Structure formats: C-alpha cells, structure tokens
Amino acid sequence: MKFKASILFAKRLLAPRTGKKSNARKSLQGAFLCIGISLIPLVMVLTVSNGMIEGITSRMIGLSSSHLSCYLHPDLQEASSQKNLIELSNKLEKIEGVENVYPELQSIGLAASNTVRTGAQIRAVRSDIFEKNKDFKELFKIKETIEKPKGNSAIIGEKIAEILGVHAGDSFRLITTKNLPSGKILPKITKFTVESIVSCGYQELDALWVFIPIDKGYSILNVQSSQPIIGIETKDAFSLELDKIMHRVEMAVPNFTRVYKWNELNVAQYENFSSTRIMLLFIMLLIVLVASINISSALVMLVMERRKEIAILKSLGATSGGITVSFLITGLVTGGLGVLFGIPIGLLCAVNFNFIINLMEKIINNVVHFTYILLRNDSSSLEYIKLLDPGFYLQNIPVSIPLNQLIIIGVGTLILSLFVSTWPAIKAGKEKPIETLRKI
C-alpha cells in the first residue's frame, strides 16, 4: 500500500462522501475542539506571563537597578561628596561599552504630611535624570506637575502621594537622621514641595520612591547610613557583552566597591516570576495532554466503525503498515486542526487581555452591586473588586508574543497527537479481514 493511498484513506476517514451518521467522526470533531480550547489558556498564560515578566523586569532594570550598579562604601573618598561621586561617574562613562552613568545617593526615611506618615526610599539624583535617562522618560508617566517651585522640590510616586494625601504644589516633610559629634542620632526634618507626581505603572514602586536633587541629598542625608550608587547603562542589558563591561568597570572603580548586574540584584523576584510561569505552563500542558487523549478514544471508535472498509482494503492488497499510517495521519490532522483553532484564538485573547480583564471586572462588580441592592438595599459599603490588583501587578500588562515558544507548543501538540494515535492506529493495522468479512 503506497503512501498516497494511505493519505487518500485518511481523507475518507476524516471526510467521507456518504452522509451516514458517524459517532466516531463526532468524537474526532470533539477531540479537535478540546485540543483547541485547551491551547487557548496555554497561549494566553504564556503570552501574558511573558509580557508581565518583561514589563516588571524592564521597570526594575531601567528605573531601579540599571544594567550595572556600583555600590560604593560610604567611607570612600569618592563617595564623600557630590563632586567626588560625579567625578567618578564621568570616569566610568568613558569605559568602552558604557552608554550612560547615573550617580545617586539612596537612603530611607519618613515622608510626612499633616496627618499621615509613611516610609520612603529617598533617591537623591541629578535634576535632569527624567530627561537624560530614556527609561525614566518612557516608563514614568506624569500624573500631576507644576512649574519648578522655589525652595526644595521633590518628585514622588503616585501611590505615596495618595497615602500622604498631597498633590502637585503641596508641601510635605522628609524626616531623616543626623549624627552629632557626641555620637547621638537626632531626627532631621526638611520641608519639600511636590513638583510632580509620577507613576511607573507598578504601585509597589510608586509607594516608595521620593526623588530629590543630589546636592540636596548630600546636605540632608547622613552619608554613613546612606548608599552611594552609580547606575551604569549599556547598549543591551541582556547582551553577552555585559560581563566584559562589568569586568572593565571593576578594574576602574576603587577598592571596597561592589559591581552587580541587574539580575544579581533582582534574583529573588526574577526567579519567583519564572517559577510561577513554569508552574502555570505545566498545569496548562497537563490540560492539553488530557484533551489529546480524546483523539485516542475517537480513533478507537473509528476503527470499530470502519472494520468493514479495513477488511475490504486488506483483501485487495492493502498492508497493515499502510492502514496504520492512515489512522496516524487522521490523528495528526485532528491535532493540527486543534492547533490552528486554539493558537490564533489564544493570541487574540492575549492581545486583548487588558480589555477582557476590565470587562470582567465591570460585569462582576455590576452583579455584586445588584446583589447588594437586592439583599441589603444599600451598596455604600461596597468596595470595587479588582481581578489584578495594581499594587502587585502592572496597571496595564504589555503583550509579548513569544513566536519561538508558540512554534514549540504547536509542534509539541502535533507530536503528542501522533503519540496518542499510535495504539489505535496499530490496532487498526492488525485487524484480520477474514474474521471481519465472516460477520458481514
């Protein structure tokens, strides 16, 4: 039996000419739908999780850890003043592979309004960083702003502004510490005016950051309890050249200075994101595996229904291998149709994920609101339900389509379909025509 004949028989198994009802064909249609439907959440999880991880990672790299970070010991001469720190930064900027450097003095303190106090990460940076740093410029969205005020000005995150209850133009206080010659530590209170309120789209960061000019940072912050940092930006944070650039930087910085790559500083979060995604993908793959078993059961029914045709073909000279190949092709095509159905719809849902989440939130909240009115006649205490709390996720999740991984999923599903089709296909090939024809 030639391969062409096997393809023709498989075609007849999938789309017979007669209009005879076939439970096996219905089972095959159900199997292809099950595979397609199981692939939709798999593609969505893969695409959305990739976009979420890339979105949060890009914010951590661009806004916090930079590509490389030099942590200077506070006792070093290079870290003792703004002038010395900037001089070292200018030196590092000349190293091959380094695009930009951003000197910074980080510390912690309390941000206080008239009624509220909250912890804050104080970042003393250059005044032009929001124009010079492309990541700051692209990722930070200005929510409120005023013309540069007189006196001390600060740029704060949207969430910390909400906690303090302040707006652009309002005043708040930063409470830091200072060391007396006697060794005592006293609080130091400095008044600032909110120049701008910004958001990076990730409320966990927006709830911490207070940006002040670096010269003001050196005047109000205790250098010994602060961390002088030089952020280094290269052409690509994921490039293999990053290790070489890191080595050049290590050779140029003074002793007792530690240089870290972005993934070393964020290893806990990055590993947490990756392990969570792997767990979700594993669960989705199990669903695809269960769905693919439907192909095997459908082919078993098809073999039982087509015993007569198999017996006739064998009596005319068809080989067991040719019959087996026909059923393998049938199972493979069924899985392929599921792939062609599931992956595009999964991508469509993933691209519109933000819209789908917002729509589901509105529907759920409307139902809950209606239920409250019916049962209690009062919905004033009802809080809005958020499916993805922006305190822990991005406000808008970017979509990243992993083409290579989608190809692997498609090919893997086809191989799985071929694998589960093996047993019923071999069984079909072993059918004995004499015994079948005797029963006709």
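The values are calculated or read from the model by the stated rules, or taken from the named source; none is laboratory data. Source: prediction; values computed, not measured. Cβ sites come from the backbone with ideal geometry, for glycine too, and all protein chains shown count toward neighbours. Please note that ligands, DNA and RNA were not included when accessible areas were found on the heavy atoms of the full protein model with its side chains. Shrake-Rupley method; radii C 1.70, N 1.55, O 1.52, S 1.80 Å.
Key figures
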| item | result |
| --- | --- |
| Unique match (being within 29 Å of L406 (Cβ to Cβ) and surrounded by 13 or more Cβ atoms within 10 Å (Cβ to Cβ)) among M246, M284 | M284 |
| Index of the failed condition, L359 passing every other in (1) over 25 Å from I40 (Cβ atoms); (2) surrounded by fewer than 16 Cβ atoms within 10 Å (Cβ to Cβ) | (1) |
| Count of residues meeting criterion [over 22 Å from D135 (Cα atoms) and part of a strand (DSSP E or B)] in segment 181-226 | 9 |
| Residue, farthest from L139 (Cα to Cα), within segment 41-59, restricted to residues that are aliphatic (A, V, I, L, M) and either open to solvent by less than 30 Å² (accessible area, probe 1.4 Å) or in contact with a Phe, Trp or Tyr (Cβ under 8 Å, 6 or more places away or on another chain) (or both) | L42 |
| Matching residues, segment 254-274, being open to solvent by 60 Å² or more (accessible area, probe 1.4 Å) and among the hydroxyl-bearing types (S, T, Y) | Y260, Y270 |
| Among residues of segment 298-339, those that are hydrophobic (A, V, I, L, M, F, W, C) and either in contact with a His (Cβ under 7 Å, 6 or more places away or on another chain) or open to solvent by 10 Å² or more (accessible area, probe 1.4 Å) (or both), counted | 14 |
| Filtered residues of segment 212-232 (kept if closer than 17 Å to M60 by Cβ and either without any contact (Cβ under 8 Å) to a residue 40 or more places away in the chain or in contact with a helix residue (DSSP H, G or I) (Cβ under 8 Å, 6 or more places away or on another chain) (or both)) | G231, I232 |
| Cross-chain or 6+ apart pairs with Cβ under 6 Å, segment 335-348 first and farther than 10 Å from L414 by Cα, then outside any helix (DSSP H, G or I) and open to solvent by less than 20 Å² (accessible area, probe 1.4 Å) | none |
| Residue list for segment 107-140, filter: open to solvent by 20 Å² or more (accessible area, probe 1.4 Å) and part of a strand (DSSP E or B) | I108, L110, R117, T118, G119, Q121 |
| Helices (runs of 4 or more DSSP H) lying entirely in segment 1-94 (those with 2 or more residues that are without any contact (Cβ under 8 Å) to a residue 40 or more places away in the chain and within 36 Å of the chain's Cα centre (by Cα)) | 82-93 |
| Every residue from segment 235-261 that is of a type in the set (F, W, Y) and either touching an Asp or Glu at 6+ places or on another chain (Cβ under 7 Å) or free of Cβ contacts under 8 Å to residues at least 60 places away in the same chain (or both) | F238 |
| Helices (runs of 4 or more DSSP H) lying entirely in segment 250-318 (those with 1 or more residues that are more than 30 Å from L72 (Cβ to Cβ)) | 267-305, 307-315 |
| Restricting segment 1-40 to residues that are open to solvent by 10 Å² or more (accessible area, probe 1.4 Å) and among the hydroxyl-bearing types (S, T, Y), the residue that is nearest to A291 (Cα to Cα) | S27 |
| Selection from segment 141-166 of residues that are of a type in the set (A, V, I, L, M, F, W, C) and under 23 Å from I220 (Cβ atoms) | I146, A154, I155, I156, I160, A161, I163, L164, V166 |
| Counted residues, segment 196-237 - those being open to solvent by less than 20 Å² (accessible area, probe 1.4 Å), under 23 Å from the mean Cα position of the chain (by Cα) and of a type in the set (A, V, I, L, M, F, W, C) | 4 |
